[in-house]
Amino acid sequence: MNLVVGSGPSGVAATSALLDAGKPVLMLDIGRELEAASRRAEEPGEDPARKLVFGSSYPYLTDREAGLAQKGTRCLASGGKGGLSAVWGASVLPFPEDELSDWPFAAKDLHEHYKKAAVLLGISGAVDGLAPRFPFYSPPLPPLKHSRQAQSVLAHWARHEAELKRRGFAFGRARHAVDSAACEYDGTCLSGCERGAIWSAADAVEKLKKRPGFEYHGGVRVLAIEERPGGVRLHAAREGASRTVYDGKKIFLACGPLATARLVCGSFGAPAGGLPLLSQPYFVLPLLLDRDVPGAPEEKLHTLAQLYLELDDPKTSPRLVHLQLYGHNEVIAERLAGAAAWAGPLADAVKRRFAPRLMAIQGYLHSDKGVPVRITAEGRGEDCRLTVAAGDASASKAAVRRVAAKLAGSSGELGFRPLSFMLKIGLPGEGNHAGGTFPMRSTPGPWQTDVQGRLQGHERVHLVDSSVLPSLPSSTFTYAVMANASRIASQAAD
């Protein structure tokens with residue numbers, strides 16, 4: 001029996017690959033669900049800016065539960081069934097192949113696994129100008145309907161396509177892990193989809209239960225791992241029961257970078273100098289369209305990303321910049337609340353007067369421009385505690401501001417003006433794109449992993465989540481993490 005720890009996207013992708021290879025899987029998971037969590041009292045100090053699901057914070061672990069102390073970061077850990085896919089924005093793009101030169105295997109090795117992940121996710125979208133650099137690996141489902149604002153912006157971009165290309169911009173419709181036929185366009189995408197149209201790893205787990213060789217145990221908190229002659233053992237605490245152990249052939253850790261780091265350090269020790277944590281610089285920037293779009297504030301629409309805008313301009317950033325355009329949604333509005341507070345009456349006036357012309361960008365840069373972050377660990381087993389501390393953010397903030405300036409300088413061709421006085425730059429970990437703690441290398445050193453996600457001296461323990469990514473290109477995150485998890489599990493199953 002192979003043991004998979006965690007039910008998020010990487011755990012689902014690894015499990016599916018193992019089952020495809022005829023290998024049985026037992027998935028172990030804390031596995032909180034909405035029904036039980038809705039009755040759970042909020043813990044003191046929980047972050048009010050976190051996205052809730054039908055008003056519940058059940059997907060999240062508090063820092064205390066996760067054994068975390070954070071200094072200048074805003075990282076999240078999950079104890080929910082399906083991990084953080086319960087609260088994701090469902091945006092899907094592969095990592096561009098030309099940005100994977102520092103990965104220890106050929107980019108083409110991910111192709112078949114992108115296809116497998118696409119089948120799991122069900123990707124809605126359209127083949128457009130983004131396809132040459134961001135191919136579809138499986139035929140897309142019909143795209144979600146565009147808002148009036150998005151239609152207006154896309155038409156403007158089409159008229160100025162040649163000049164935008166000269167300036168380094170490429171564009172297209174957003175792609176989503178969404179069943180577009182089930183969407184009712186009621187504007188609740190990011191606070192709880194009643195129809196279940198947005199893909200969730202929790203739903204994928206339920207589908208996996210129908211496959212021979214799969215077993216799921218929820219209510220299990222894994223405390224430590226060890227390798228034994230011919231196999232592995234997990235030490236765990238079961239909800240409402242005494243401590244227990246699980247024995248298996250191999251372990252696949254899919255807990256997310258912080259929980260995986262805690263398990264590894266609590267089980268095998270930790271380096272004195274700490275471990276890295278990579279993150280993509282993240283920002284939110286309101287936009288004012290050049291013209292009114294009548295009826296835009298009242299329109300029934302989805303509140304996921306509407307458009308993608310990719311910036312490839314070495315003078316602005318040596319790596320690709322990924323930009324997602326949104327109309328009104330509650331999460332973007334909340335993330336701008338802090339900016340609006342210091343911008344004062346001017347921000348409020350803009351929102352009241354220009355509502356039909358307001359959109360927002362949620363932007364990501366390559367982890368090369370991220371704030372340096374170190375993870376230090378103390379203690380063993382369940383007593384292991386992590387401190388996650390950010391370093392100097394000035395270079396990262398400067399990189400974001402160069403992108404905002406590039407947008408402002410291209411406003412005529414883009415058809416909007418960025419409201420730079422309301423720029424909100426996130427803390428490391430905000431946006432939920434983090435990893436690289438145990439990066440894969442062709443010849444791994446201490447606390448690095450090989451191409452199968454194995455640390456030195458640990459042949460039967462495979463890390464399959466974002467912990468092993470050598471770098472984080474700016475484009476959307478979950479799809480590539482799933483493809484890599486599928487690749488590792490497929491190779492480990494041989």
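Coordinate-derived values only; no laboratory data. For clarity, every value in this text was computed on a predicted model and none was experimentally measured. When we count neighbours, we look across all protein chains shown, and the Cβ atoms used for this are built from the backbone with ideal geometry, even at glycine.
When only C-alpha pairs under 8 Å and at least 6 residues apart count, what is the relative contact order of the chain, in percent?
That works out to 25 percent.
For Val403, Val127, Val464, which order do you get if you count the other beta carbons within 10 Å of each Cβ and list the fewest first?
Lowest count first: Val127, Val403, Val464.
Once phi is turned into ³J(HN,Hα) by the Karplus curve 6.51 cos²θ - 1.76 cosθ + 1.60 with θ = phi - 60°, what whole-Hz value does each residue of the range 212-227 show in order, with x for glycine and proline?
Coupling constants for the range 212-227: x, x, 10, 9, 10, 10, x, x, 10, 10, 6, 9, 7, 10, 8, 9 Hz.
Could you please rank Val5, Val220, placing first whichever residue has the fewest other Cβ atoms within 10 Å of its Cβ?
Val220, Val5
Let me check I've understood the local charge: for Ala197, count other residues with C-beta under 14 angstrom from its C-beta, Lys and Arg +1, Asp and Glu -1. What total comes out?
Once all neighbours under 14 Å are counted, the net charge is -3.
Arranged by the count of other C-beta atoms within 10 angstrom, fewest first, what order do Met422, Met1, Met27 take?
Met1, Met422, Met27
Rounded to the nearest 500 deg cm²/dmol, what is the calculated helix-only ellipticity per residue at 222 nm for the chain, with -39500 (n - 2.57) per DSSP H run of length n ≥ 4?
When only DSSP H runs of four or more count, the value is -7000 deg cm²/dmol.
What distance in nm separates the two pseudo spin-label positions at Asp313 and Arg228, each 7 Å out from Cα along the beta-carbon direction?
6.0 nm
Apply 1/(1 + (r/R0)^6) to the Cβ-Cβ distance of Phe105 and Lys249, taking R0 = 30 Å, and write down the FRET efficiency to the nearest 0.05.
Result of the calculation: an efficiency of 0.80.
Beyond 32 Å between alpha-carbons counts as too far, so tell me which of Lys209/Lys369; Lys51/Lys116; Lys81/Lys250; Lys71/Lys145; Lys81/Lys165 fall in that bin.
Result: Lys209/Lys369; Lys71/Lys145; Lys81/Lys165 exceed 32 Å.
Between the DSSP loop rule and a limit of at most 14 other Cβ atoms within 10 Å, which chymotrypsin sites (Phe, Trp or Tyr not before Pro) in the range 433-490 are left?
none
Can you bin the chain into rounded, prolate or oblate? Criterion: square roots of the alpha carbon gyration tensor eigenvalues sorted a ≥ b ≥ c, rounded for a/c under 1.5, prolate for a/b above b/c, oblate for the rest.
Here the chain falls in the prolate category.
Taking a ≥ b ≥ c as the square roots of the Cα gyration tensor eigenvalues, with a/c under 1.5 meaning rounded and otherwise prolate when a/b beats b/c, else oblate, which class fits the range 165-213?
Because a/c hits 1.5 or more and a/b fails to exceed b/c, the range 165-213 counts as oblate.
Provide the gained length on full extension for the span Glu184 to Lys207, in nm with one decimal, where the gain is 0.36 nm per separating residue minus the Cα-Cα distance.
Full extension of this stretch gives 5.9 nm more.
So in the chain, what percent of DSSP beta bridges are antiparallel if you round to the nearest 5?
70 percent
Based on the Cβ-Cβ distance of Ala21 and Ala405, what FRET efficiency does E = 1/(1 + (r/R0)^6) give at R0 = 56 Å, to the nearest 0.05?
Result of the calculation: an efficiency of 0.65.
Once fully extended, how much extra length lies between Arg50 and Ala272, figured as 0.36 nm per residue of separation less the alpha-carbon to alpha-carbon distance?
Working it through step by step, the gained length comes to 76.7 nm.
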